[in-house]
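Shown next, in structure tokens, is the structure this report addresses.
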């Protein structure tokens, strides 16, 4: 079997890319031939075997001229249709597995795949199908937002969701309206995989009768890590406003419990200034691989106070891999993974006083029982072998049709 993995970025930029590369490695170990297609970039970790990669497009650009210049190919790309055709004709995949492709690659590539009779699977990594801004969060108002899920996409323009820009929001809304009006997702994609029931339910509010399989993500286990629990709490992830890190600091300042923070992001300076002379809170900056997961494995609890909606938070899966219980926000993908009082705790972090009191009570509990429950849940639901077998079964089912 041959599978072409498509994603806009072909280096480990975020969770979607990490998942795609781990999935591809596991599929290859199961005898499946893998190729990749996405954008050209000097950071890419895979080869452009057929010299077919898409030209690099960045939407971090602030120049109005460049934004206007890139607008047509943001919505529909004739060039990318030609480029993807090249790898399709040379590699001849049985399955195309899509990840994140809107804007930079565009759904204009879907008919090119389908007209060759190739089956298409898409893993849904974010809320692009129901939210033009794909984040379900308004950064200008610092609040979650689901207005577009079952309402008009014009809400995105009214709220200027894209960087507070009216023009960028118009582009995003135009893209959403075009592909939903012509039903690209229903016509061309044979099967969707959602890592969470939360996101699946949101998508079904706008797009009816989709075949969506719910398969939680997985992660590779790093061997040789000791798992003795120490007396500290851990936050690891992005240091940004929507993750609730600064509010977490305010809670632990009063609790006097030890908190370690690991990560990188645009609020690092604010974080550092807020913990000056606070002896029970440490910020260690970014850590990776074995060093990071040594902290995860030895934490008493991992805390994830995210304000915005999470799909299938990898921090939870990574923590469960090492039997570390979670204290997380009581919403979105956290509720899919965490059984309250059995494998962790779900709290309302919008009420800081209540959250503080809850953590004080949680600190008194015996984590050994939680660890046993986590191990049982992990073995039944989150093991790599379970995930891969379900994905391969979907491939086989499609090829039999």
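The values are calculated or read from the model by the stated rules, or taken from the named source; none is laboratory data. Since the structure is predicted, the reported quantities are computational estimates derived from the model, not experimental observations. All Cβ positions, glycine included, derive from the backbone under ideal geometry; neighbour counts span all protein chains shown.
For segment 192-208, enumerate the residues that are in contact with a helix residue (DSSP H, G or I) (Cβ under 7 Å, 6 or more places away or on another chain) and surrounded by fewer than 19 Cβ atoms within 10 Å (Cβ to Cβ).
197, 205, 206, 207
Quick check on segment 352-366. Is at least one of its residues under 21 Å from residue 193 (Cα atoms) and in contact with a helix residue (DSSP H, G or I) (Cβ under 9 Å, 6 or more places away or on another chain)?
No, segment 352-366 has no match at all.
So how many residues does segment 10-25 have that are in contact with a helix residue (DSSP H, G or I) (Cβ under 9 Å, 6 or more places away or on another chain) and buried (at least 20 other Cβ atoms within 10 Å of the Cβ)?
3
Please work out if residue 328 is more than 24 Å from residue 192 (Cβ to Cβ) and touching a residue at least 40 places away in the same chain (Cβ under 8 Å).
Spelling it out, it is not the case that residue 328 is more than 24 Å from residue 192 (Cβ to Cβ) and touching a residue at least 40 places away in the same chain (Cβ under 8 Å).
Among the listed residues 115, 86, 92, 119, which satisfies the condition of being surrounded by fewer than 20 Cβ atoms within 10 Å (Cβ to Cβ), assigned by TED's automatic domain parsing to the domain that holds residue 163, over 19 Å from residue 54 (Cα atoms) and modelled with pLDDT of 95 or more?
115
Report, by residue number, each residue of segment 267-283 that is crowded, with 16+ Cβ neighbours inside 10 Å and part of a helix (DSSP H, G or I).
Scanning segment 267-283 gives 268, 271, 274.
Any residue at all in segment 250-257 that is under 24 Å from residue 114 (Cβ atoms), more than 19 Å from the chain's Cα centre (by Cα) and surrounded by fewer than 17 Cβ atoms within 10 Å (Cβ to Cβ)?
no
Check whether at least one residue in segment 176-191 is in contact (Cβ under 8 Å) with a residue 60 or more places away in the chain, over 18 Å from the mean Cα position of the chain (by Cα) and assigned to a loop (DSSP other than H, G, I, E, B), and report yes or no.
So far as segment 176-191 goes, yes, one or more of its residues are in contact (Cβ under 8 Å) with a residue 60 or more places away in the chain, over 18 Å from the mean Cα position of the chain (by Cα) and assigned to a loop (DSSP other than H, G, I, E, B).
Does at least one position in segment 228-239 carry a residue that is under 23 Å from the mean Cα position of the chain (by Cα), at pLDDT below 95 and part of a loop (DSSP other than H, G, I, E, B)?
no
Can you tell me which of (1) at pLDDT 95 or above; (2) touching a helix residue (DSSP H, G or I) at 6+ places or on another chain (Cβ under 7 Å); (3) surrounded by fewer than 18 Cβ atoms within 10 Å (Cβ to Cβ) is the one residue 182 doesn't meet?
(2)
So is residue 301 over 20 Å from the mean Cα position of the chain (by Cα) and farther than 24 Å from residue 12 by Cβ or not?
yes
Name the helices (runs of 4 or more DSSP H) wholly inside segment 63-158 in which the number of residues that are under 30 Å from residue 401 (Cβ atoms) is 2 or more.
Correct list: 78-91, 110-114.
Can you give me the ranges of the helices (runs of 4 or more DSSP H) entirely in segment 284-401 with at least 1 residues that are modelled with pLDDT of 95 or more, over 22 Å from residue 18 (Cβ atoms) and out of contact with any strand residue (DSSP E or B) (no Cβ under 7 Å at 6 or more places or on another chain)?
Filter on segment 284-401 gives 289-298, 352-362, 367-377, 384-399.
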